[in-house]
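Each remark here refers to the structure printed beneath this line.
The values are calculated or read from the model by the stated rules, or taken from the named source; none is laboratory data. The structure presented is a predicted model; accordingly, all values stated were derived computationally and were not measured. Glycine gets a Cβ as well: all are built from the backbone with ideal geometry, and neighbour counts include every protein chain shown. These accessible areas exclude ligands, DNA and RNA; they are computed on the full protein's heavy atoms, side chains included. Shrake-Rupley method; radii C 1.70, N 1.55, O 1.52, S 1.80 Å.
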There are 2 protein chains.
Amino acid sequence: MSQLVIILVEPQLGWNIGSVARAMLNYGLTELRIVNPRDGWPNPDATATAAGADLVLGNTKVFPNFREATADLNIVYASTVRAHDMVKPVYSPREGIAKLSENASQGARVAMAFGGESSGLVSDDVSLCEGIVTVHTNPDFSSLNLAHAVGIMAYEWSLMQGTYSHSHKEAPSLASKEEMNLFFDHLESELDERGFLMPIKKRPGMVKNIRNIFTRLEPTQQEVRTLRGIVRYLSRDRS
Amino acid sequence: MSQLVIILVEPQLGWNIGSVARAMLNYGLTELRIVNPRDGWPNPDATATAAGADLVLGNTKVFPNFREATADLNIVYASTVRAHDMVKPVYSPREGIAKLSENASQGARVAMAFGGESSGLVSDDVSLCEGIVTVHTNPDFSSLNLAHAVGIMAYEWSLMQGTYSHSHKEAPSLASKEEMNLFFDHLESELDERGFLMPIKKRPGMVKNIRNIFTRLEPTQQEVRTLRGIVRYLSRDRS
């Protein structure tokens, strides 16, 4: 299955392009296309902020206009917050990426297009896109940094693909019930000796409360050993 | 319900702090705390990249250590990619934010803590957190920009709260069935006149295919007017 292509249309600042490359590679995306970059290409500012994402910058293709940049692609969604008064579906990032991902799984070449820093995509370009994706932000402060917007899409794409699966590290061995019971025996006998679990008619409830605390902890074997050491040391006579 | 507090522990670069403030305010978060910022506070570099998120920078509180920064909070999760070999739940951003959001809805004050640019959170600080949140990234290029990591969490928080609901703009009026049928009448009569819908035994299937194309379009009234104009103009005799 092909990956999501990122298209930047007339970006202005090289350091934003570099940040985009970094955010892309964080999620394994390597296909960046740029339409008519203001300061030309390659751009040393981009290298500075790419933080080592040279693989992406080295692969970047530059095009003179949006139409040529998308010529070989099948489905392109426009990332925009502006209403373009077009009859076109508007998706959240999660919805839009799910659609693109489905298209890609059926063999389509898919992309997300982002406009320049100051004014975003022009309507002519949006009109060539199959859908619009809008990140819902604070209406009083809605302008996302370009690399952040790309990062959100790359993040959602990565989750959708399961590219980097949630690899829980191997859990340490949890304490057995027997180990827990030996700990409780130890603790409670020390407490009994010191008259903590008194009066006797309240003892069952107090014991239950204490056991609840430590069982909810779901401790490991090592942690139970530590707890027993604590009890042992606390219950020693002062020397 | 209280909002998500963002804690930056020993951040180095002012422009990263400013980018964090911008990403926070994009999603309506305004409570930023900083532990021991390398270059002091306030920091003019932060103002430069905050892109107007002065509300966040003005609110920012500075603390000498992690413990004091979290003293009045109830639940703090640590954002980290490093394995800290601790018995602590590890969540994806979506899972972790769901947990924090649930806690906040029950009255808890919740926060996400992020380490500095070069080495992240130290184990002593992580040990004070109730959970770990890890963004799953490309293992060969895993280091997220600090503001990007904060942005992912703020984005997930905003989605979880439904802070900025998916406000579809009012849909333009769709064409009525009668308008569609008048269009089909027009189109098909022009095509009949030109012998397109031949031979006659294939006509029903051809008409059905054409109608399917335009009904799937679900056009607006304006679009049907446009389509009829196209048919009218195409079917004029050349002058």
Among the listed residues A:Val126, A:Val110, A:Val150, identify the single one that is β-branched (Val, Ile, Thr), in the same structural domain as A:Asn65 (by TED's automatic domain parsing) and at pLDDT below 90.
A:Val126
Looking only at segment B:102-113, decide whether some residue is under 28 Å from B:Thr163 (Cβ atoms), more than 14 Å from chain A (Cβ to nearest Cβ) and of a type in the set (Asp, Glu).
yes
What are the pairs with Cβ atoms under 8 angstrom where one residue, in segment B:162-177, is farther than 30 Å from B:Ala98 by Cα and the other, located anywhere, is open to solvent by 80 Å² or more (accessible area, probe 1.4 Å) and modelled with pLDDT under 75? Sequence gap at least six, or different chains.
none
Among the residues in segment A:34-53, are any at the interface with chain B (Cβ under 9 Å from one of its Cβ atoms) and crowded, with 23+ Cβ neighbours inside 10 Å?
yes
Identify the residue in segment B:195-222 that is touching a residue at least 40 places away in the same chain (Cβ under 8 Å) and loosely packed, with under 13 Cβ neighbours inside 10 Å and, among all such residues, is farthest from the chain's Cα centre (by Cα).
B:Gln222
Restricting attention to segment B:1-21, and to residues there that are within 17 Å of B:Ala149 (Cβ to Cβ) and open to solvent by 40 Å² or more (accessible area, probe 1.4 Å), which single residue is farthest from the other protein chains (Cβ to nearest Cβ)?
B:Glu10
Exactly one condition in (1) over 21 Å from B:Thr163 (Cα atoms); (2) part of a loop (DSSP other than H, G, I, E, B); (3) without any contact (Cβ under 8 Å) to a residue 60 or more places away in the chain; (4) open to solvent by less than 40 Å² (accessible area, probe 1.4 Å) is false for B:Thr30; which is it?
(1)
Give the residues of segment A:223-239 that are modelled with pLDDT of 80 or more and open to solvent by 100 Å² or more (accessible area, probe 1.4 Å), sorted by residue number.
A:Arg225, A:Arg232
Filter segment B:114-133 for residues that are within 20 Å of A:Gly151 (Cβ to Cβ) and open to solvent by less than 20 Å² (accessible area, probe 1.4 Å); the one that is nearest to the other protein chains (Cβ to nearest Cβ) is B:Val133
How about segment A:204-220: which of its residues are among the basic types (Lys, Arg) and in contact with a helix residue (DSSP H, G or I) (Cβ under 8 Å, 6 or more places away or on another chain)?
A:Arg211
Being at the interface with chain A (Cβ under 9 Å from one of its Cβ atoms), open to solvent by 50 Å² or more (accessible area, probe 1.4 Å) and polar (S, T, N, Q): is that true of B:Ser143 here?
yes
Quick one: in segment B:161-180, which of the residues that are open to solvent by less than 70 Å² (accessible area, probe 1.4 Å) and more than 16 Å from B:Thr226 (Cβ to Cβ) is modelled with the highest pLDDT?
B:Gln161
Residues (hydroxyl-bearing (Ser, Thr, Tyr) and touching a strand residue (DSSP E or B) at 6+ places or on another chain (Cβ under 8 Å)) located in segment A:171-208:
A:Ser173
Go through the residues of segment B:64-78 one by one and say whether even a single one is more than 22 Å from B:Thr163 (Cα to Cα), within 14 Å of chain A (Cβ to nearest Cβ), aromatic (Phe, Trp, Tyr) and surrounded by 15 or more Cβ atoms within 10 Å (Cβ to Cβ).
no
